[in-house]
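The values are calculated or read from the model by the stated rules, or taken from the named source; none is laboratory data. In this text, all values refer to a predicted model and were calculated from it rather than measured experimentally. Note: ideal-geometry Cβ built from the backbone for every residue, glycine included; neighbour counts use all protein chains shown.
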Amino acid sequence: MNKINEECGVFGVFNCENAAELTYYGLHALQHRGQQGCGICTTDGADFYRERGEGLVIEIFNEKNLAKLKGNCAIGHVRYTTIDGEGKDNVQPFLFRHHTGDFSMAHNGNLVNSRQLRMSLEAQGSIFQTSSDTEILAHLVKMNRRKDRIDAIGEALTMIEGAYAFLILTQDKMYVCRDKNGLRPISIGKLNGGYIISSETCAFEVVGANFVRDVDPGEMIIFEKDKEPESILFSGEFAHKMCAMEFVYFARPDSDIEGVNVHTFRKKCGKYLAQLAHVEADIVIGVPDSSISGAIGYAEESGIPYEIGLIKNKYIGRTFIQPSQELREKGVRLKLSPVRSLISGKRVVLLDDSIVRGTTSMHIVRMLKDAGAKEVHVRICCPPMRHPCFYGVDTSTYDELINAQLDVEEVRKMIEADSLFYLPEEYLLKVGNRKELCLACYNGKYPTHLYQSKIDFNVEHKF
Ligand code: SF4
């Protein structure tokens, strides 16, 4: 694991014709958020129809199985497998059958108190079919004996803690819920007379929807046919602690997160890096894809020309699964190639979004030097990642993070760069024109309690 991975993306359609087809295209736009499994569940008001599997959206869905997904309402999910485990059983959306009404759920994020809740629910008689956090919310909703479903969901949401954007689909309603810290993005769009819900706004463009607004932290929005959407704040406390890595790395550059375009954010990071860590150089390049915007910003600010010095092989993808040892060592070269004629004899500024283990950065620096670069100066668009993430990103231990083991100069030596500079955390706030962000993987200040959880972590002795 040389790069961090987001766990999931969710997409919903309420009251639009061809809901399954729209969800299929929406999930395509969110594919970067998870490539290991995907699913769609629809309802026509009478029953639910579901298709899911392990693989890319294009591998799981076809005209034939999409045609079976009837109805004007749908929820969809793409996932990256980390904590929850592999297997089709863990692929969402989940579908729950219950005498009070069937419902389907999809979730992006991670709960930090899931272990405690699961044990408590099992002690009360619940039997879980999956290792997913999503199922916990379903049990909490159904354990609540209140008749009103909105109250039951609202109460269940106050019991879970962590990062989440939940979509819940019943035969006649859709509930969209976001955690009280607003750690994961989720937005609402409008299409004809209906609504589209998406983890990222880039999916609105694909299906032709118009952005309406983001779901607020601690908010539940209820969609019901022939009614205006109803908004309920289920939490008395809330904060705007969006995951900084959504801006820096996860989200697509054409998405807007809480009013800020992701490309523009990254470009400004590059501009600040040029101001804070200028170096005499001949060209600026970025590691594709997420660091291109930062490289453009650095080049504009510094006056050093931007070049496409690295080309990404987009077609390796999941076919590159079992390489031989020799090929594994050359893995970076299979994914990225230097443009030798542009690099040779040049002093290069290399923009990258982040450093996790450091091995990818080292291979890229070596590759550029092998291609004839005289110097390689690495500029990172975020602070050093020194702490694990417990909110749905697959850095769950300190051992995985080179910056938790070494100081900046030691990392520079390890990656064989001529200089190394990280963007300080206050600049992430400045760039986004925000007072708050989750910056916990840089500074260890987690926005929620950390429970002794299913994640094998060693936080205690680090504080
Ligand atoms: S700890 Fe880091 S990766 Fe995790 S939510 Fe916070 S900013 Fe994002």
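Among the numbered conditions (1) in contact with a helix residue (DSSP H, G or I) (Cβ under 6 Å, 6 or more places away or on another chain); (2) closer than 25 Å to residue 74 by Cβ, the only one that residue 144 does not meet is (2). Here residue 356 qualifies as at pLDDT below 95, among the hydrophobic types (A, V, I, L, M, F, W, C) and within 27 Å of the chain's Cα centre (by Cα). Scanning the stretch 217-236 for residues that are out of contact with any Gly (no Cβ under 7 Å at 6 or more places or on another chain) and closer than 27 Å to residue 429 by Cα yields a count of 3.
The helices (runs of 4 or more DSSP H) found wholly in the stretch 298-345 and carrying at least 3 residues that are at pLDDT 65 or above occupy 331-335, 340-343. Among the residues of the stretch 385-425, none is identified as within 12 Å of the ligand (Cβ to nearest atom) and within 24 Å of residue 280 (Cα to Cα).
Restricting attention to the stretch 145-174 and to residues that are among the acidic types (Asp, Glu) and away from the ligand (no atom under 16 Å from the Cβ), the residue that is modelled with the highest pLDDT turns out to be 172.
For the stretch 240-253, indicate whether the set of residues that are in contact with a helix residue (DSSP H, G or I) (Cβ under 9 Å, 6 or more places away or on another chain) and more than 16 Å from the ligand (Cβ to nearest atom) is non-empty. Yes, because at least one residue in the stretch 240-253 is in contact with a helix residue (DSSP H, G or I) (Cβ under 9 Å, 6 or more places away or on another chain) and more than 16 Å from the ligand (Cβ to nearest atom).
Being over 14 Å from residue 14 (Cβ atoms), assigned by TED's automatic domain parsing to the domain that holds residue 27 and among the small types (Gly, Ala, Ser) holds for only one residue in 259, 193, 218, and it is 218.
Would you check which residues across the stretch 118-132 are of a type outside the set (Val, Ile, Thr), in a loop (DSSP other than H, G, I, E, B) and within 28 Å of the chain's Cα centre (by Cα) and list them? Across the stretch 118-132, the qualifying residues are 128, 129, 131, 132.
Of all helices (runs of 4 or more DSSP H) completely enclosed by the stretch 355-416, which ones contain at least 1 residues that are touching a residue at least 40 places away in the same chain (Cβ under 8 Å) and touching a strand residue (DSSP E or B) at 6+ places or on another chain (Cβ under 8 Å)?
On the way: elements: 359-370, 402-405, 408-415.
The helices (runs of 4 or more DSSP H) meeting that bar are 359-370, 408-415.
One line per residue, one yes/no per condition, for (1) modelled with pLDDT under 95; (2) in the same structural domain as residue 179 (by TED's automatic domain parsing); (3) more than 13 Å from the ligand (Cβ to nearest atom):
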site: 438; (1), (2), (3): no, no, no
site: 457; (1), (2), (3): yes, no, no
site: 460; (1), (2), (3): yes, no, yes
site: 463; (1), (2), (3): yes, no, yes
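Taking the stretch 1-70 as the region of interest, the strands (runs of 3 or more DSSP E) fully inside it that hold 2 or more residues being within 28 Å of residue 382 (Cβ to Cβ) are 8-14.
For residues in the stretch 248-281 being farther than 14 Å from residue 301 by Cβ and among the aliphatic types (A, V, I, L, M), which is surrounded by the fewest Cβ atoms within 10 Å (Cβ to Cβ)? Looking at the filtered set, the residue picked out is 260.
Is it true that residue 106 is within 25 Å of residue 26 (Cβ to Cβ) and in contact with a strand residue (DSSP E or B) (Cβ under 6 Å, 6 or more places away or on another chain)? It would help to see each step written out before you state the result.
Working: within 25 Å of residue 26 (Cβ to Cβ): yes; in contact with a strand residue (DSSP E or B) (Cβ under 6 Å, 6 or more places away or on another chain): yes.
The answer is yes for residue 106.
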